[in-house]
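Take a look at the structure set out below.
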Amino acid sequence: GQQVMQIPQYQHVQEGEDFTTYCNSSTTLSNIQWYKQRPGGHPVFLIQLVKSGEVKKQKRLTFQFGEAKKNSSLHITATQTTDVGTYFCAGRDTGGFKTIFGAGTRLFVKA
Amino acid sequence: EAGVAQSPRYKIIEKRQSVAFWCNPISGHATLYWYQQILGQGPKLLIQFQNNGVVDDSQLPKDRFSAERLKGVDSTLKIQPAKLEDSAVYLCASSPGTGGAWSTEAFFGQGTRLTVV
């Protein structure tokens, strides 16, 4: 069945450093979504990518969807302590109904 | 706009007991999801409803878990009997979309933290 893998599992950075998390699917996706979950909180939607090779930016966050629509990345420039949390990718299968979450990358930012 | 409401927030039960969780999605949202999130892992889809019909329940342990969405609005998830490995946060989410590549974001509730002892 469809699997979505995310790396790294954890990342410790100094405030001001950049951060990237990668997401890879075993099958071609119809879209991919990114969520952020603060410690003790629930996942909150960040963005959705649909088109092959799509790149979207939100302030310091840059999201990419691979040409083959099987991988994606989230890059944060100049991390801040408010960026702390776990970042999940969620890939929707080409049938269009099932969304599979990755295991997430937990980001720690040291001030 | 009111968010997804879930209750209870916390529940502690002994193994082999039964438990039920309730979810009230955002008004007008056609799709409702129940996820299980074990500590340190990503949310795992248990069941997905579109209106009051089941779209996907392939990962729902049907020998002990059941869910219903009456009238296409509120939903309940039940576990009977509970096992130790059911300890997790149960997240309900809703989405206005009905699927497909242009599906919209899922809005999550605060979750119910279940501890089975």
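Note on B:29, A:42: ascending count of other Cβ atoms within 10 Å places them as B:29, A:42, the fewest first. For the pair residue A:59 and residue B:20, a Förster radius of 30 Å applied to the C-beta separation gives a FRET efficiency near 0.15, rounded to the nearest 0.05.
A P(r) calculated from all alpha carbon pairs of segment A:26-89, with 5 Å bins opening at zero, reads 4, 18, 27, 24, 16, 9, 3 percent. Between residue B:85 and residue B:104, the simple label model (points 7 Å from Cα in the Cβ direction) yields a spacing of 3.7 nm.
Taking the DSSP bridge list for the protein assembly as shown and keeping only pairs wholly inside it, about 90 percent are antiparallel. When the Cα convex hull of chain B is projected onto planes of every orientation, the mean area is 7.0 nm². Across every pair of non-identical alpha carbons in the protein assembly as shown, the mean reciprocal distance, once inverted, gives a Kirkwood radius of 18.0 Å. Placing a label point 7 Å from the Cα of residue A:2 along the Cα-to-Cβ line, the residues of segment A:81-111 whose backbone N sits under 15 Å from it are A:89-103. Other protein chain C-beta atoms within 10 Å of residue C-beta, averaged over B:105-115: 3.
We did not get these values from a lab; they are worked out from the coordinates using the rules stated. Keep in mind it's a predicted model, so treat the numbers as computed, not measured. As a convention, Cβ positions derive from the backbone with ideal geometry for all residues, glycine included, and neighbour counts pool all protein chains shown.
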